[in-house]
1. Would you confirm whether or not region 180-202 contains a residue that is under 20 Å from residue 48 (Cα atoms), open to solvent by 60 Å² or more (accessible area, probe 1.4 Å) and in contact (Cβ under 8 Å) with a residue 40 or more places away in the chain?
2. Open to solvent by 30 Å² or more (accessible area, probe 1.4 Å), modelled with pLDDT of 90 or more and touching a Lys or Arg at 6+ places or on another chain (Cβ under 7 Å): does that describe residue 102?
3. Conditions: (1) out of contact with any helix residue (DSSP H, G or I) (no Cβ under 7 Å at 6 or more places or on another chain); (2) open to solvent by less than 40 Å² (accessible area, probe 1.4 Å). Residue 360 meets all but one. Number of the miss?
4. Considering only region 218-244, state which residues are of a type in the set (A, V, I, L, M, F, W, C), open to solvent by 10 Å² or more (accessible area, probe 1.4 Å) and not in a strand (DSSP E or B).
5. Output yes when any residue across region 327-338 is in a helix (DSSP H, G or I), surrounded by fewer than 17 Cβ atoms within 10 Å (Cβ to Cβ), within 32 Å of the chain's Cα centre (by Cα) and on the phi < 0 side of the Ramachandran plot, and no when none is.
6. Report every pair of residues separated by at least 6 positions or lying on different chains whose Cβ atoms are under 6 Å apart, first residue within region 369-395 and open to solvent by less than 30 Å² (accessible area, probe 1.4 Å), second modelled with pLDDT under 95 and assigned to a loop (DSSP other than H, G, I, E, B).
7. Where in region 8-93 are the strands (runs of 3 or more DSSP E), entirely inside, with at least 3 residues that are open to solvent by less than 20 Å² (accessible area, probe 1.4 Å) and either over 30 Å from residue 305 (Cα atoms) or modelled with pLDDT under 95 (or both)?
8. Within the set of pairs 6 or more residues apart or between chains, which connect a residue that is within 27 Å of residue 283 (Cβ to Cβ) inside region 244-262 to a residue that is open to solvent by 90 Å² or more (accessible area, probe 1.4 Å) with Cβ atoms less than 7 Å apart?
Amino acid sequence: MFRKFIFFLSLLFNTFWGYSQNVELSPLSKISLLTVGTGEDLAAKFGHSAIRLQDPALGIDEVYGYGTYDFEDPNFYLNFTRGKLSYTISRIPFKYFDYSYQQEKRWVREQDLDLDLQQRTAIVVFLEHNLLPENKKYKYDFLFDNCATRIPMVFEKTLGSTFKFDYNYLKNHLTFRELIRLKLNPNTWSNFGIDLALGAVIDRKATPYEHLFLPIYVYQQMKHTTLNGKPIVKKESVLLDIPEQNDNSPLYLTPAFWLGLLLAFVAWATFKDYKNGRRTKWLDFSLFMLTGLSGILILFLWFGTDHLATKANYNTLWAFAPNAIIGFLILKEEEVPKWINFYLIILIGMLFFTCILWMFKIQVFSILLILVILALAIRYLFLLYHFKNVIQPKK
């Protein structure tokens with residue numbers, strides 16, 4: 001423990017005073033890449049990447065990981081929502097790292113890297129430099145600056161131009177949305193929510209390098225990476241062999257069940273209203289408020305935050321923000337303004353335009369959105385008929 005303390009103390013002085021590489025590890029040291037499988041929580045669905053340092057001569061077994069955050073930060077939730085939350089690099093003993101993923105029931109794989117003593121030291125000095133208070137915080141971005149993307153960045157900055165990726169193994173180049181969906185069950189609220197929140201910007205093809213925002217692709221890429229013309233991975237091992245758990249929620253907890261129920265109820269209520277020549281006003285108010293408030297939230301994520309992935313989100317076509325106001329106007333049938341018919345035609349047109357954007361893959365929506373579009377189309381068409389033929393809206 002004393003040797004370990006002296007080593008990190010020496011690193012601290014060197015990095016603080018000049019970012020030097022005078023401090024060296026012992027010849028027994030090694031550096032490896034750790035890749036963690038998916039977990040139950042949404043934040044854990046995409047895995048994790050970290051760098052492990054071992055030096056038996058100095059009693060060191062530490063894990064460096066990016067993408068950690070502190071719930072105690074001022075305005076944590078507000079900054080998280082607005083995309084302004086500062087993430088940090090951390091260093092923890094491997095035993096705590098290992099224990100946490102045992103508890104979370106997530107597999108851990110290790111890739112030992114073929115590095116000489118100077119290269120290993122350079123990586124550790126770089127990581128310790130990042131750990132300094134003035135350097136440790138950075139602005140997180142889910143697609144372009146996360147725990148996985150920082151791993152190749154570390155190696156590129158410390159190993160130089162002889163560190164080379166070979167992308168030939170990558171047969172299919174996927175869009176960001178397709179990559180995100182790899183680990184998500186389409187019939188879950190988390191996947192449905194992600195498709196609502198993220199815009200058309202994630203429907204472009206990711207470059208081979210951009211695939212590395214997912215830890216599993218960093219793991220695969222390291223198998224096809226060379227240093228000085230030789231494979232950088234010299235050994236692989238499984239530290240925790242735990243099968244990934246499938247997300248098999250009961251049917252009654254899935255969005256398909258509730259959105260299907262919504263469609264069935266809207267269709268039934270609309271048929272009854274048509275047959276009886278009346279209108280269920282509370283249903284109309286609820287649909288307009290839900291779509292309006294959803295639209296306001298989507299617009300906020302688009303224009304009011306620093307998140308790049310929430311830009312150009314055409315879910316705003318069916319989740320139309322003005323509906324939150326119109327919902328109050330149609331509560332009283334005798335006071336509905338005449339221009340509401342034109343407004344309904346616009347809403348129907350935007351539902352159609354949503355399908356056109358989907359068809360041409362300008363933005364790919366959740367498959368479950370079909371249920372929502374059908375429910376809204378049924379009700380909007382009925383309201384257009386009702387206001388034209390049953391009552392006469394006021395001017």
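The values are calculated or read from the model by the stated rules, or taken from the named source; none is laboratory data. This structure is a prediction, so every number in the text was calculated from the model and none was measured. Methodologically, a virtual Cβ is constructed for each residue, glycine included, from the backbone with ideal geometry; neighbour enumeration extends over all protein chains shown. Heavy atoms of the whole protein, side chains included, go into the accessibility calculation; ligands, DNA and RNA do not. Shrake-Rupley method; radii C 1.70, N 1.55, O 1.52, S 1.80 Å.
1. yes
2. Taking the combined requirement at face value, the residue does not satisfy it.
3. So the condition that residue 360 fails would be (2).
4. 242, the sole residue that qualifies.
5. Scanning region 327-338, I find no residue that is in a helix (DSSP H, G or I), surrounded by fewer than 17 Cβ atoms within 10 Å (Cβ to Cβ), within 32 Å of the chain's Cα centre (by Cα) and on the phi < 0 side of the Ramachandran plot, so the answer is no.
6. Pairs that qualify, where the first residue is open to solvent by less than 30 Å² (accessible area, probe 1.4 Å) and the partner is modelled with pLDDT under 95 and assigned to a loop (DSSP other than H, G, I, E, B), are 386/279; 387/393; 393/336; 393/338.
7. Strands (runs of 3 or more DSSP E) meeting the threshold: 30-36, 48-55, 60-68.
8. Between residues of region 244-262 that are within 27 Å of residue 283 (Cβ to Cβ) and residues that are open to solvent by 90 Å² or more (accessible area, probe 1.4 Å), the close pairs are 255/189; 257/251.
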